[in-house]
Amino acid sequence: MSAPIDLPKWADTILVPAVSVVAAFLVAGLVVLGIGENPLTATRLLLQGSLGTGEGLGFTLFYMTDFIFVGLAVAVAYHAGLFNIGGEGQATLAGLGIALVLNNLTFLPGFLLIPLGILGAAAFGAAWAAVPGYLQAKRGSHIVITTIMFNWLASVLIVYLLVNVLRAPQNMNPETPAFPPQSHIPFMHEAFAAFGIEIPSSQLNLTLLLALAAAYGVWLLIYRSRLGYAIRVVGSNPTAAVYAGISPARIIVIAMVLSGALAGGLAVNELMGYQHRLLLEFTSGYGFVGIAVALMGRAHPVGIILASLLFGILYQGGAELAFEQPAITRDMVVVIGGIIILFAGALDGLFRRLVARVMLRPTLAKA
Amino acid sequence: MNPGDLVTLFDSSLRLSIPLLAACLAGLWSEKSGVVDIGLEGKMLVAAFAAAAAAYAFNSAWIGLLAGIAASVIFALIHGFAAISQRGNQIVSGVAINMLAAGLTAIVGNAWYGQGGRTPPLEGDQRFADVLFGHSVLVYLALLAVPVTWFVLGRTRFGLRLRAVGENPAAVDTAGISVAGLRYTAVVIAGALCGIAGAYLSVGQSAGFLPNMTAGKGFIALAALIFAKWRAWPALGACFLFGLLEAISIRLQGIALPGLGEVPVQAIQALPYLMTVILLAGVIGTAIPPRASGVPYVKER
């Protein structure tokens, strides 16, 4: 029963995740039935709200941008055999980095300030991930526990800073003053308008291009570079890595730094692209969705983009759905995320065995 | 600060430490058997919701408690199925449990009561009344769980086997004892304890369920477990310490201390997390988990 299951590569990378996602949606459908709503109507409203209008599509792609970043963050650590569940905390700190850069260098022109803000996000996110990485590599503290603790530390820290230090004096809300206008990453409809093309306005901004570039960069790094090879070796066999002259400790820290920097992209999209100020809880639990995205996408950038699109559809469609059918709140998306993590992650073996049983039956019958 | 204040502070510390303690002992049982459980938070949350909903529906806090335990045990069994039978990644399963709990309680609560995910306020028999020294029976139940856990794990044959399965499952298997059976038992006990923790939150301490009312308590319990180095009596100490910190942070709000000035609440709130990170880094002693925790058991290896 525990013998390795040999599946063709396409089945392993496409069919198994697809089957588990379909199963997850069936279970989610049961939940919708359970609260007395029609799952088919819900699905129709969801798709209509997310893909049916230009505006809805814009919002879908906006959320997709968030999920690509956090999904890539989880994936890079995952390739090094690390489970980074600290995306929330890293993105929160990245937001702090953005606010510090943008609100202190207000005199700089946009073409300098925007890259500096992005760098600030990456640096702060990376630093917040580097500490757990270092503690895992050098002190043997379990990365999962430390990243959990760092999530809570980040949320406590940001509350303190926003309430006591960074808040604009007259503002009662715990948020920073607005970022200088030249630091705003242009909205997609503004960018298109510059070329005379009119598209519906939404929160979607040019950070999407950065996310796609990051996905390509991660692909190059993991599958086409020496460092990426080292990361994968450490992830699959740290002992072999040592024999190959690779220092697992060094690779662990590097992988966590990259992971934290990628998680920072969430803050870039949300804050520089849309909110234009630092506020509490802008990460909205997306760091955990990143885990679902990475597991579903098999930690491969292409898979992550597709999984991010799916979750973008769910988040945008879910918001529209909650508007039409108040019984189905947006928490439905969290439920679906949870089921996908359970099915595509923890119960992966079960679904592989199911797929194998169906696929290999004819060959077995012949033999 | 006069003696009366100290008694009040002790009282509120105890009150705040009870959900941590029950959840921490839950983690202890699970991890001692080799199943890592970061889903304490989620199990507490479903228990809190189920307890409040059942207490409201049946007008009985006790039925609420039973429903809370049942809901938590169901989630524990999902985790057990993934971790033990399917040899899945236990961390991933724990994350899934937490997300499922957060989403399901909010959506079902909203669908049933239409009050933004809250249950209606509980009153009278729907809540646990104070029985002794101004504390409800759940407080004593959680406290009692400490010596029981210590005795059963440390002084009985079952406890020995359960600890062995968390250190060296192959040896236990060789002795003809079911690894999966022991681990499932531990996971179910953990579920029941999380059920008590959750029920305490919604039908003991508060009068009803609020969305996400566990607010990270499951993770503080996890921190306490590490702090206690996976032992029952120190778990009591760690949970009481973290409860005390929370009580102090509530009392100190807006009060200037002599010589220190006003201590930010967040500095005290950060302490449990910070202390755990420092402890894990081996700066003050070491915390070593059960050797086989987190590792699925494969017979043939």
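Values for this structure:
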item: Subset of the stretch B:113-132 that is more than 24 Å from the chain's Cα centre (by Cα) and among the acidic types (Asp, Glu) - its residue that is surrounded by the most Cβ atoms within 10 Å (Cβ to Cβ); result: B:Asp125
item: Verdict on B:Gly282 being on the phi > 0 side of the Ramachandran plot, away from chain A (no Cβ under 14 Å), modelled with pLDDT under 85 and not in a helix (DSSP H, G or I); result: no
item: Test: residue in the stretch B:195-215 that is within 11 Å of another protein chain (Cβ to nearest Cβ), under 13 Å from the mean Cα position of the chain (by Cα) and either under 25 Å from B:Pro121 (Cα atoms) or modelled with pLDDT of 80 or more (or both); result: yes
item: Only listed residue being within 14 Å of chain B (Cβ to nearest Cβ), hydroxyl-bearing (Ser, Thr, Tyr) and more than 29 Å from A:Pro301 (Cα to Cα), chosen from A:Tyr134, A:Tyr160; result: A:Tyr160
item: Failed condition for B:Trp233, given (1) aromatic (Phe, Trp, Tyr); (2) buried (at least 17 other Cβ atoms within 10 Å of the Cβ); (3) at pLDDT 90 or above; result: (2)
item: Pick from the stretch A:167-200, criterion under 22 Å from A:Thr92 (Cα atoms) and touching an Asp or Glu at 6+ places or on another chain (Cβ under 8 Å), ranking: modelled with the lowest pLDDT; result: A:Ala168
item: Breaking point among (1) more than 24 Å from the chain's Cα centre (by Cα); (2) of a type in the set (Val, Ile, Thr); (3) within 14 Å of chain B (Cβ to nearest Cβ), for A:Ile85; result: (1)
item: Set A:Val293, A:Val289, A:Val242: member being out of contact with any Lys or Arg (no Cβ under 7 Å at 6 or more places or on another chain), more than 14 Å from chain B (Cβ to nearest Cβ) and either on the phi < 0 side of the Ramachandran plot or among the polar types (S, T, N, Q) (or both); result: A:Val242
item: Residues within the stretch A:296-340 that are touching a Phe, Trp or Tyr at 6+ places or on another chain (Cβ under 6 Å) and either among the small types (Gly, Ala, Ser) or within 12 Å of chain B (Cβ to nearest Cβ) (or both), tallied; result: 4
item: Unmet criterion (only one of (1) at pLDDT below 90; (2) facing another protein chain (nearest Cβ under 8 Å)) for B:Asn168; result: (2)
item: Verdict on B:Val73 being more than 14 Å from chain A (Cβ to nearest Cβ), at pLDDT 90 or above and either surrounded by 24 or more Cβ atoms within 10 Å (Cβ to Cβ) or touching a helix residue (DSSP H, G or I) at 6+ places or on another chain (Cβ under 6 Å) (or both); result: yes
item: Cβ-Cβ under 7 Å pairs, at least 6 apart or on other chains, the stretch B:117-142 side aromatic (Phe, Trp, Tyr), far side surrounded by 14 or more Cβ atoms within 10 Å (Cβ to Cβ) and part of a strand (DSSP E or B); result: B:Phe128/B:Ser136
item: Which numbered condition B:Gly237 misses (of (1) farther than 19 Å from B:Ser33 by Cβ; (2) within 14 Å of chain A (Cβ to nearest Cβ)); result: (2)
item: Total residues in the stretch A:36-50, condition surrounded by fewer than 16 Cβ atoms within 10 Å (Cβ to Cβ) and aliphatic (A, V, I, L, M); result: 2
item: Selection within the stretch A:45-102 - modelled with pLDDT of 95 or more, among the acidic types (Asp, Glu) and more than 17 Å from A:Val268 (Cα to Cα); result: none
item: Qualifying positions in the stretch A:14-38 - among the polar types (S, T, N, Q) and within 13 Å of chain B (Cβ to nearest Cβ); result: A:Ser20
item: Test result for A:Gly56, in contact (Cβ under 8 Å) with a residue 40 or more places away in the chain, surrounded by fewer than 23 Cβ atoms within 10 Å (Cβ to Cβ), on the phi > 0 side of the Ramachandran plot and touching a helix residue (DSSP H, G or I) at 6+ places or on another chain (Cβ under 6 Å); result: no
item: B:Ala221 being surrounded by 15 or more Cβ atoms within 10 Å (Cβ to Cβ), touching a Phe, Trp or Tyr at 6+ places or on another chain (Cβ under 7 Å) and touching a residue at least 24 places away in the same chain (Cβ under 8 Å); result: no
item: Set B:Asn98, B:Asn89, B:Asn110: member being within 14 Å of another protein chain (Cβ to nearest Cβ), surrounded by 18 or more Cβ atoms within 10 Å (Cβ to Cβ) and over 29 Å from B:Ala61 (Cα atoms); result: B:Asn89
item: Selection count where residues are of a type in the set (Phe, Trp, Tyr) and in a helix (DSSP H, G or I), scope the stretch A:184-202; result: 1
item: Options B:Ala175, B:Ala83: the member that is under 22 Å from B:Val295 (Cα atoms) and at the interface with chain A (Cβ under 9 Å from one of its Cβ atoms); result: B:Ala83
item: Lone qualifier among B:Ala228, B:Ala164, B:Ala247, B:Ala186 - being surrounded by 24 or more Cβ atoms within 10 Å (Cβ to Cβ) and either in contact with a Leu (Cβ under 9 Å, 6 or more places away or on another chain) or closer than 16 Å to B:Leu153 by Cα (or both); result: B:Ala186
item: Any hit, the stretch B:133-153, residues being assigned to a helix (DSSP H, G or I), surrounded by 15 or more Cβ atoms within 10 Å (Cβ to Cβ) and within 14 Å of chain A (Cβ to nearest Cβ); result: no
item: Evaluation of B:Ile250 against (1) out of contact with any Phe, Trp or Tyr (no Cβ under 7 Å at 6 or more places or on another chain); (2) under 19 Å from A:Ile148 (Cβ atoms); (3) not polar (S, T, N, Q) (one fails), failing number; result: (2)
item: Enumerated helices (runs of 4 or more DSSP H) restricted to the stretch A:34-145, each holding at least 3 residues that are within 29 Å of A:Gly235 (Cα to Cα); result: A:54-79, A:87-104, A:110-134
item: Odd one out for A:Ala214, checked against (1) part of a helix (DSSP H, G or I); (2) more than 22 Å from the chain's Cα centre (by Cα); (3) more than 19 Å from A:Leu51 (Cα to Cα); result: (2)
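The values are calculated or read from the model by the stated rules, or taken from the named source; none is laboratory data. The model shown is predicted, which means the values in this text are computed figures rather than measured ones. Here Cβ is always computed from backbone atoms with ideal geometry, including for glycine, and neighbour counts include all displayed protein chains.
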